[in-house]
Structures are given as C-alpha cells and as structure tokens.
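Encoded as structure tokens, the structure appears first; notes follow it.
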Amino acid sequence: MKTSYFLKVAVMALPLVLASCGSKKKMVEEQKPAVTVSTEQTAFLDKVSNNVQTTKFITSKVKFSVEVGAQDITLTGNLKMKRDDVIRLQLMAFGFVEAARLEFTKDYVLIMDRINKQYLKAPYMSIDFLRNSGLNFYTLQALFWNELFQPNRSKISAEDMQKFTTNTDNEDVVISLEDTKLDYSWLANQKTGLIKMTNILYKDRFNGNTQLNWDYDDFKVMENTNKKFPNSMNVTLTTQKKEVKLGIKLNYINHETEWETRTEVSNKYREVSIDEILQRFMAL
C-alpha cells in the first residue's frame, strides 16, 4: 500500500538523513578551497549572513516526496517552524488525514506514525551518530532556514566566521568548513549571497563515506521581511548501499503564531526504539 510504504520510508529515512550527514557534489569534493583576501571573504560572508530571515515563525503548506530506487510517493502536509524552538512536519494521507508527524525541538526528536500508533522520542545526545557528528537542532534549523552553521553552536560569532574559507567559482562562491570527521560546504551566489546548496561529507574509512546534499531553489521574497526564502528544497542522502531523495516544496508561506509548539503523545501510542527504526529502514 502506497501510504504504508511512504510511512516506512519517511519515518525511517528522515532520521538517517539528519544523522548520517554527508554529501558533496563532485565539483565541491574535487577542489580544495583557497582562502581569499580576508577583507573580501569577510564582506562576502556578511552578505550571506544578511540574508538570514528575521521573522520568528515560518509556516507553509508542503508537497513532500520520497524516492528510494524505483519507488516513490508524494503526499501533502504542513511545515511549522519557530526560530530557536521547534521544526514540525505534518504529513497528510488522502489530503486530509495526518499520517505522520516529525517534530524537532532543542531537546529531542519526535517521530510519530499516526496510522500504526507508534512513535519515537529521544534526546539528540542519546543517538550515537547525532552526538558523535556534532549534529543538533541548530544544524537542522540552519538547513531548513537556508543558513550557514557550525557544529555544536546555536549561533555563529564573529570569531567563528573566521573559521570559514571561500573560493570563487564563476558566478558562485564555495564556502567551506572542515571538522575532524565532517567536511561542510555551501554554494552561494556571488552577487546575492543566497545559499543554493549545502553539502556535508561524513568520513568513515571503515564503513565508507556518507553524503548529504541539500539544494535550494525557487527563492521568493517574504512580505514581512523583504528577504528571499527558498520555496523548494531537495535533499539527497547517499550511503554505500542506497540513495534516498526527499523533496520539500512550500506553498502559501505564512507566519502563523497561534499553534501549539509541542506535541503531547497519547498513551494509545506504542514507543519504538531507535534500533527498531534503523532495522526497519535497512529492511526496505
């Protein structure tokens, strides 16, 4: 059944996308960024930072798609985000029945299978690959909000900005940041400073590299900020065994404030473990 298959893919794939973190398009992988003149780099990074949205809330209708190999499915849903507090995706079946909910707060990850009455709720630090990779709520927020980020940081200070390097590539600029096991890269337009792509490479010499690629497109001006925001996001997770593609298309972006920012889980739901989630994903 398509709805059942989608839930398996969406509920199992999204945590892995957020956790495994690694993706570099070949262009970014093959070139070692050269440090530009400091004043030029600072000016450009300031331009990128000036694109950060100042609104507290972003809400929108969503068209959500998942593709694994030859299998793919599309559902509608809702995206609700509150700056520095929560990111929520509600996925609808048949256009009106909530099939799944994914909620990310500063303290935990909540994944709910509404149809089968199951859920996973866990702090970031209890998930080994999230903890070891330095990935948390603020990393995820930066990906959804189209921003630069640094691991284990809620905000980027002036000192942190000095850790980035830039390399001009035609009309775009590659921004890079290297960590022990992770290489981060962003591709931004040289004129506008808008981030077009985020790439993260998780290096594991024993199990092979994992790659995450987060593309942004269809930028439109938000009325209340006069700043552009991507209305289309395409995420590709590549592991040694398979490739998972996620598509998020926003429609009717708004800034609703009257909604509950935390989901209470009914006692009718059965809690499943992280191992169960991973095992189900690997069985696909």
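When the Cα positions of 229, 246, 257 are compared along the charge dipole of the stretch 225-271, 246 comes out farthest toward the positive end, with charges on each C-beta of Lys, Arg, Asp and Glu. Probing with 1.4 Å while keeping every protein chain in the model, the per residue accessible area of the stretch 195-284 equals 60 Å². Please state the shape class of the stretch 140-192: rounded when a/c is under 1.5, otherwise prolate if a/b exceeds b/c and oblate if not, all from the C-alpha gyration tensor. Note, shape of the stretch 140-192 comes out prolate.
Other residues lying with their Cβ under 12 Å from the Cβ of residue 269 contribute a combined charge of +3, Lys and Arg counting +1, Asp and Glu -1.
Given the Cα-Cα distance of residue 242 and residue 204 and 0.36 nm per residue of separation, how much length would full extension add, in nm? Present the calculation step by step, with values, prior to reporting the outcome.
Details: separation 38, 0.36 × 38 = 13.68 nm, distance 1.62 nm.
My answer for the length gained is 12.1 nm.
With all protein chains kept in place, the per residue accessible area of the stretch 133-187 amounts to 41 square angstrom at a probe of 1.4 angstrom.
Within the shell of other residues whose beta carbon sits under 10 angstrom from the beta carbon of residue 245, the net charge comes to -3, with Lys and Arg scored +1 and Asp and Glu -1.
Calculate what fraction, in whole %, of the accessible area of the stretch 214-279 sits on carbon and sulfur atoms when a 1.4 Å probe is rolled over the protein chains. That fraction is 41 percent. Where a ≥ b ≥ c are the square roots of the eigenvalues of the C-alpha gyration tensor, would you call the stretch 188-284 rounded, which needs a/c under 1.5, or, failing that, prolate if a/b is larger than b/c, or oblate? It comes out oblate by the Cα gyration axes.
Please say if the stretch 220-277 is rounded, prolate or oblate, where rounded means a/c under 1.5 for a ≥ b ≥ c the square roots of the C-alpha gyration tensor eigenvalues, and otherwise the choice is prolate for a/b larger than b/c and oblate otherwise? In terms of gyration-tensor shape, oblate. Summing charges over all other residues whose Cβ lies under 14 Å from the Cβ of residue 83, with Lys and Arg as +1 and Asp and Glu as -1, gives +3.
The values are calculated or read from the model by the stated rules, or taken from the named source; none is laboratory data. Quantities reported herein were computed from a predicted structural model and do not represent experimental measurements. Using ideal geometry, Cβ is built from the backbone for each residue, glycine included, and neighbour counts are taken over all protein chains shown. These area figures cover heavy atoms from the full protein model, side chains too; ligands, DNA and RNA do not enter into them. Shrake-Rupley method; radii C 1.70, N 1.55, O 1.52, S 1.80 Å.
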